[in-house]
């Protein structure tokens, strides 16, 4: 018989206490506030900048090194991220790298296979502490070490900015309830949704090797982190929402910062590699359809599907290789590769149409 988990005497009361207080106080305050507009503006402003401190800083910069940032930007993101009250960037990155390395196994700190609520927040409230692992590169950074030593104080200073606004506007209570208490709970549970809901609901267009899913509904709440299947396939990409229409405010922020010279070397997954992964998943789904069809017809279509997939996959690989190898004949060769790709794509669409019509 396994022992009951022991609860962390700091994390559990803090997470449960802030949630209970918010549930009790926020609805009452919404009906009685005399300055709700400003309170909401401050609360959601804090929620936005602190959330971006987590996504652009803790996650995409420090955990995955998807881009490089100026000293000032790194400092700013560390201060904002500290106000999320989700531990220091160093320890957050250690847990997150373990999650990627051991996703869905017992060594995953927030494995979804242990249950939705375990992945959401129970893992945080358990007293088990995960020693720093896989962050030797980060441990060499004096700025990260400074934030690790003082992150709670740094976070408290940033998080209490609404109280300063409350004092200046003679509305301390209102900004405490909305700008501090409500904002903390909102930051916690929208972040936690990526560990839980993004491994529970949604699609897997790039890989089914793990439980991570793309969930467009989560993207606006989490500044673009909802495209989690893409992220687990290519964690080194600075984007999560790779398509232009996918909501990823962190990606847009980083693009803007790169124009200002504050972010550089934004890492991108080559488009053909993304297309090949989607193609493999699409072929898998089509084969599942063919498994339900009559054997004679299915065998013929299965062979055609295999040939079409093979040709398109090879054309995409050749296109990418040629684009990365800039020889003297590069332009002429690219024209040939594009022509091959068009033909292969047409064959694939024809085979896909026949399979879908049959099923």
Hey, does segment 157-164 have a residue that's farther than 24 Å from residue 19 by Cβ, surrounded by 19 or more Cβ atoms within 10 Å (Cβ to Cβ), at pLDDT 95 or above and in the same structural domain as residue 24 (by TED's automatic domain parsing)?
no
Going by what's in this entry, would residue 48 be described as assigned by TED's automatic domain parsing to the domain that holds residue 162, at pLDDT 95 or above and not in a helix (DSSP H, G or I)?
no
Just one of (1) surrounded by fewer than 24 Cβ atoms within 10 Å (Cβ to Cβ); (2) farther than 23 Å from residue 149 by Cβ trips up residue 69, so point out which.
(2)
Identify, by number, the condition in (1) within 15 Å of the chain's Cα centre (by Cα); (2) in contact (Cβ under 8 Å) with a residue 60 or more places away in the chain; (3) buried (at least 20 other Cβ atoms within 10 Å of the Cβ) that residue 103 doesn't meet.
(3)
Residues of segment 177-225 being in contact with a strand residue (DSSP E or B) (Cβ under 9 Å, 6 or more places away or on another chain), surrounded by fewer than 21 Cβ atoms within 10 Å (Cβ to Cβ) and not in a loop (DSSP other than H, G, I, E, B), in sequence order, are 203
Residue selected from segment 1-27 under the condition over 23 Å from residue 81 (Cα atoms) and outside any helix (DSSP H, G or I), by the criterion modelled with the lowest pLDDT:
1
If a residue must be touching a residue at least 24 places away in the same chain (Cβ under 8 Å), over 23 Å from residue 60 (Cα atoms) and in a loop (DSSP other than H, G, I, E, B), how many such residues does segment 244-303 contain?
2
Being part of a helix (DSSP H, G or I) and either farther than 22 Å from residue 230 by Cα or modelled with pLDDT of 70 or more (or both) is the requirement here; does residue 350 meet it?
yes
Return the only residue of 78, 98, 30 being in contact with a helix residue (DSSP H, G or I) (Cβ under 8 Å, 6 or more places away or on another chain), assigned to a helix (DSSP H, G or I), in the same structural domain as residue 185 (by TED's automatic domain parsing) and in contact (Cβ under 8 Å) with a residue 24 or more places away in the chain.
78
When residue 55 is run through (1) closer than 16 Å to residue 190 by Cα; (2) more than 16 Å from the chain's Cα centre (by Cα), the failure sits at (2)
Can you pull out the residues in segment 112-127 that are outside any helix (DSSP H, G or I) and surrounded by 14 or more Cβ atoms within 10 Å (Cβ to Cβ)?
126
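Yes/no per residue for (1) modelled with pLDDT of 95 or more; (2) in the same structural domain as residue 228 (by TED's automatic domain parsing); (3) touching a helix residue (DSSP H, G or I) at 6+ places or on another chain (Cβ under 7 Å):
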residue: 106; (1), (2), (3): no, yes, no
residue: 119; (1), (2), (3): yes, yes, yes
residue: 135; (1), (2), (3): yes, yes, yes
residue: 148; (1), (2), (3): yes, yes, yes
residue: 155; (1), (2), (3): yes, yes, yes
residue: 167; (1), (2), (3): yes, yes, no
residue: 174; (1), (2), (3): yes, yes, yes
residue: 192; (1), (2), (3): yes, yes, yes
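The values are calculated or read from the model by the stated rules, or taken from the named source; none is laboratory data. Nothing here was measured: the structure is a model prediction, and the numbers come from that model. Quick reminder, even Gly has a Cβ in these numbers, built from the backbone with ideal geometry, and neighbours come from all protein chains shown.
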